[in-house]
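Undergrad: Before anything else, here's the structure in question.
Coordinate-derived values only; no laboratory data. Predicted model only: the values in this text are computed from it and were never measured. So basically every Cβ, Gly included, is an ideal-geometry build from the backbone, and we count neighbours across all protein chains shown.
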Amino acid sequence: MRIASIDIGTNTFRILVCYLKDKEIKKLYVDRVITRLGGGFTREGEITEGAIKRSLSALKKFARIIKRYKVRKVRAVATSVVRESQNGSKFLERVQKETGIKTEVISGEEEAQLTVNGVLKSVSILTEYCVIFDIGGGSTEYIFVKKGQVLGLVSTNLGVVHLAERYLKTDIPTRSDIKKLSDDIENVLSLKLSWIPKVLSSKLTLVGTAGTPTTLAAIQLGLKKYNPDLINGFILKHHMLVSSFETLIGISPLKRLEISGLEKGREDVIIPGTLIMLKTMKRFSKKNILVSDGGLLEGVAYSLL
């Protein structure tokens, strides 16, 4: 039986069409469209009409894919920006009316749990403990895991779209803006992750999933075309992230797009995303991050099976 999972995120929409074989999902089609649904979030806390139109266009494409592959079951989930917006329910009504895709809004906690399921099916964790973190456009989730069992999780407001719009006012950010952004991230992590106990570095693996870590891995690999087989399991080292960060903040968004591996639509949000990763490394005294291509999208697919 063919199924489809859809992730309606704050920055990116993704679709996976697959089927089950030997208790594993076999991918038939994977795609993503950067819609920036959370871009220009109004003071009233509403999704803008422009963002809605971009998003409907992407979901109409997804609806055609579902029909083409004769999918029997679909689960579409909406995350941070739809959770927080005043007009989120009206947006989803339009989605169903214009595309036929029924979408559910999931909590940050359910988002984190589904992400864990997707990650643990995608990469091998060799240490007793791991911290899985999913950097999204509207929020970042952190999950503390011991031998595959979730010990705790938290959803933070560290969304790269919101952070970019709040702190990166100029094409080339000032050192002052970077410091404010850095301090904000560090303060949130200090407050929100205090419940995670101290674990010996040798017993802990940091696992990053979603657009920021996969993009940074693609940059390190110099990929002109995204290749999940090369991305999944890639080890991002601290010196790689520092080098990428210093390069990115010193050039304009247009110049950033000339970097192999950086797709259009991520040229501004990659800066706060990279800083979240660096601050997460600092928080847990780690020099490496394991990149997982699998995450929420795969977790949603497994929930259907």
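Undergrad: Only counting other Cβ atoms within 10 Å, I'd like Lys192, Lys287 sorted with the fewest neighbours first.
TA: Numbers: Lys192 16, Lys287 13.
Starting with the residue having the fewest Cβ neighbours, the order is Lys287, Lys192.
Undergrad: Among Ser190, Tyr167, Gly208, pick out the residue whose Cα is farthest towards the positive end of the charge dipole of region 158-305, where Lys and Arg carry +1 and Asp and Glu carry -1 on C-beta, about the Cα centre.
TA: Value computed over the given set: Ser190.
Undergrad: Normalised by the number of residues in the chain, what is the relative contact order in percent for Cα pairs under 8 Å and 6+ residues apart?
TA: 21
Undergrad: Right, something else. For a test of the definition: using alpha carbon positions, the gyration tensor, and the 1.5 limit on a/c, classify region 69-123 as rounded, prolate or oblate. Please report the intermediate quantities before stating the final value.
TA: On the way: a/c = 3.75, a/b = 1.27, b/c = 2.95.
The shape class here is oblate.
Undergrad: Here's another thing I want to ask about it. In terms of the Cα gyration tensor, with a ≥ b ≥ c the square roots of its eigenvalues, is region 107-213 rounded because a/c is under 1.5, prolate because a/b exceeds b/c, or oblate? Don't skip to the end; give the middle numbers.
TA: Details: a/c = 2.17, a/b = 1.82, b/c = 1.19.
Prolate shape, in that a/c is at least 1.5 and a/b is the bigger ratio.
Undergrad: On to the next question. Please report, in cubic angstrom per residue, the volume enclosed by the convex hull of the alpha-carbon atoms of the chain.
TA: Numbers: hull volume 37.3 nm³, N = 305.
Hull volume over Cα atoms, normalised by residue count, gives 122 Å³.
Undergrad: So for the pair Glu104, Ile172, with labels modelled 7 Å out along Cα→Cβ, what separation do we get in nm?
TA: Here the modelled spin labels are 4.9 nm apart.
Undergrad: Viscosity 0.692 mPa s, temperature 37 °C: give me the Stokes-Einstein translational D for region 121-295 in µm²/s, with Rh taken as the Kirkwood radius over C-alpha pairs. Before the final figure, lay out the partial values.
TA: Details: Rh = 16.2 Å.
The estimated diffusion coefficient comes to 202 µm²/s.
Undergrad: Another question about this same structure. Please give the calculated 222 nm ellipticity per residue for the chain, where each DSSP H segment of at least 4 residues contributes -39500 (n - 2.57) and the sum is spread over every residue; nearest 500 deg cm²/dmol? Spell out each step's value before the answer.
TA: On the way: 12 runs with 130 residues, N = 305.
Result for the chain: -13000 deg cm²/dmol, rounded to the nearest 500.
Undergrad: Can you pull the percent of Cα pairs in region 196-280 with separation above 16 Å?
TA: Details: 1832 of 3570 pairs.
Tail fraction, whole percent: 51.
Undergrad: I've got another one for you. If you take the square roots of the eigenvalues of the alpha-carbon gyration tensor of region 8-159 and sort them as a ≥ b ≥ c, do you get rounded (a/c under 1.5), prolate (a/b over b/c) or oblate? Please list the in-between numbers first.
TA: Working: a/c = 2.44, a/b = 1.24, b/c = 1.96.
In terms of gyration-tensor shape, oblate.
Undergrad: Any chance you could count the Lys pairs in region 221-296 whose alpha carbons are under 19 Å apart, treating pairs 8 or more apart or on different chains as valid?
TA: 10
Undergrad: Shifting gears a bit: What does the net charge come to around Lys279 if you take all other residues with beta carbon closer than 13 Å to its beta carbon, with K and R at +1 and D and E at -1?
TA: Details: positive: Lys179, Lys192, Lys282, Arg283, Lys286; negative: Asp183, Asp184, Glu186.
It works out to a net charge of +2.
Undergrad: Quick one: putting +1 on the C-beta of Lys and Arg, -1 on the C-beta of Asp and Glu, what dipole do you get for the chain around its Cα centre, in Debye to the nearest 20?
TA: On the way: 48 positive and 31 negative charges, 181 e Å.
Magnitude of the dipole: close to 880 debye.
Undergrad: Which three lengths, in whole Å and largest first, does region 259-305 cover when its Cα atoms are put on their principal axes?
TA: On the principal axes, region 259-305 reaches 37, 31, 16 Å in Cα extent.
Undergrad: Let me ask you something else. What is region 3-106's relative contact order, in percent, from Cα pairs under 8 angstrom and six or more apart in sequence? Numbers along the way, then the final one.
TA: Numbers: 182 pairs, mean separation 30.1, N = 104.
After rounding, I find 29 percent.
Undergrad: Looking at region 130-224, which chymotrypsin sites (Phe, Trp or Tyr not before Pro) are in a loop (DSSP not H, G, I, E or B) and have at most 14 other Cβ atoms within 10 Å? Intermediate results must be reported in sequence, preceding the final value.
TA: Working: sites: Phe133, Tyr142, Phe144, Tyr167, Trp195; in loops: Trp195.
When the chymotrypsin sites (Phe, Trp or Tyr not before Pro) of region 130-224 are filtered for loop state and at most 14 Cβ neighbours within 10 Å, Trp195 remain.
Undergrad: Taking the Cα centre of region 1-80 as origin and charging only Cβ (+1 Lys, Arg; -1 Asp, Glu), how large is the dipole, in debye to the nearest 20?
TA: Working: 20 positive and 7 negative charges, 127 e Å.
It works out to roughly 600 debye.
Undergrad: Let me ask you something else. So which aspartates and glutamates can Lys73 reach, going by Cα to Cα under 15 Å and dropping same-chain residues fewer than 8 places off?
TA: Excluding near neighbours in sequence, the set is Asp7, Glu104, Glu298.
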